[in-house]
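Nothing in this text is a laboratory measurement; each read-out follows from the coordinates by a stated rule. No experiment lies behind these values; they were computed from the predicted model shown. Every residue, glycine as well, gets a Cβ built from its backbone with ideal geometry; the counts of neighbours run over all protein chains shown.
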Amino acid sequence: MRSLCRSVLHPYDVSAERGAPLVLVLPAHFPAIWALAPGGGAAVRTADRSDHPDLGSSATRCTSSNLIALMAALSAHDKPLIVMDSVFVPAMQKLVDERFEVHVSAELDPPSDRADEVFGLLIHGHPTVNSAIISKFPKLKIVSNFGVGCDHIVTSDATSLGVFVANTPGAMSEATADVALALLLAGARNIVPGDKLARSPGYAKVDPNWFGVEVHGSRIGIVGLGRIGQAIARRALAFDMKVQYHNRSRVSEDTEKRLQAEYKSSLEELLRDSDFVVLAVPCNPATEGMIGAEQLKCLGPDTILVNIGRGKLVDHAALTASIEAGSFYCYATDVTEPEPLPREHPLLRSDRVIISPHVGSATLKTRSRMARMALDNLGAVISGNKPPHSLNGDEVESTTPAPAPTPAPAGPGPGPAAEGGGGTPT
């Protein structure tokens, strides 16, 4: 690798003395100096030629057209270092490994003696990320979440420490809406208990008086008409359902017309007037426990409650009591609190409850799209920009000192790799 790097770097030179570090000063739009020591060690430093008078006249600038050859020659340790709590499937992990050096730690611990090299966390599962975690990494710049919901990340802690929090909005809306409809249909037509019955040793015939709930032409109440809620509404229209919704603020008139949606200003009114209720809101202090004992009393005996948001949206103690009393027909959910439920939990024993294991976004196509968005958030920060999908970008930027201006590069202007600016590393 050392000899290969010398041959690649030679035309753009470095230091001619054997035993001295090889240094290449890149154009201003590529804010890094890559140094490969003869011993094999590698390091990245944010700097410019003016910051390093010791480089001497032998250090010359490289045009962006040479970067492909340069990047191909660099070893894995020359990539920016991130920490993941767990790896993706191979096809998706390849996307990560092409761009970053990865250290995997379920506890989000840094690699030995390299904590100050970690610039980003890529959160795959749902570990808690707070000031205690962030403080492990002295130079951390971003927590990039694989998914939309960030209730496991204490954004205020990150903001106070000057760290971006970013997510992947929109990537999973359609796949999650599919699961919402799957749960709705399974609950309405007794699919899960019917499957158990059909597989049971003593099964001979079905009770002709065992009925489900009609879906076609019924009323659906959607709590949260954001991206996912609107995707659910579009699917409901295919079943000729009457779409109703409750939101903290009313959507535009055009959106209401397009979805044929009726606004309900009161959550309780929506619950009373719906045959199916779907929870599609994020979990935050305002929505946690929004479905409690009083709200559950609003549901009719044939109502089906679907949750594809977060388990904490529903008071599980009140839910258990309501299910055991037979107050409403079925609870069909992709999320619980905690996750998973303790094996002795009464909800696991009820035929009125359907639980899928938090798989709302679990298709390879959707998860790959989420991975690319999460990587783009990381890449933007490497390039000195705000993440495209940041939850606290303005707050972090307002507390971060602006970098010193970089002198314009000498020689020819930047080539095609610089067009558009702010590109992510590949």
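Assorted remarks:
- When peptides 154-163, 303-312, 243-252 are sorted by average Cβ neighbour count within 10 Å, with the highest value leading, the order is 303-312, 154-163, 243-252.
- Annotation: extensible slack from LYS257 through TYR203 equals 14.6 nm (criterion: 0.36 nm per residue apart, minus Cα-Cα distance).
- Karplus (6.51, -1.76, 1.60) ³J(HN,Hα), θ = phi - 60°, over the range 312-325, in Hz, Gly and Pro reported as x: 5, 5, 10, 5, 5, 5, 5, 4, 4, 4, 5, 5, 5, 7
- Calculated SAXS-style log₁₀ I(q)/I(0) at q = 0.09, 0.15, 0.17 Å⁻¹ - the range 173-355, Debye, Cα scatterers: -0.31, -0.84, -1.07
- Checked against a 19 Å cut-off, the cross-linked pairs LYS242/LYS264; LYS79/LYS141; LYS264/LYS312; LYS141/LYS386; LYS79/LYS139; LYS141/LYS312 give Cα-Cα distances beyond that limit for LYS264/LYS312; LYS141/LYS312.
- The range 271-331: chymotrypsin sites (Phe, Trp or Tyr not before Pro) in DSSP coil with no more than 16 other Cβ atoms inside 10 Å: none
- In the range 129-231, the chymotrypsin sites (Phe, Trp or Tyr not before Pro) that fall in loop regions by DSSP, at most 13 other Cβ within 10 Å: TYR203, TRP210, PHE211
- Using a Förster distance of 25 Å, the FRET efficiency for ASP116-HIS152 (Cβ separation, nearest 0.05): 0.50
- Annotation for VAL104 and ARG234: the two label points, set 7 Å from Cα along the Cα-Cβ direction, are 3.5 nm apart.
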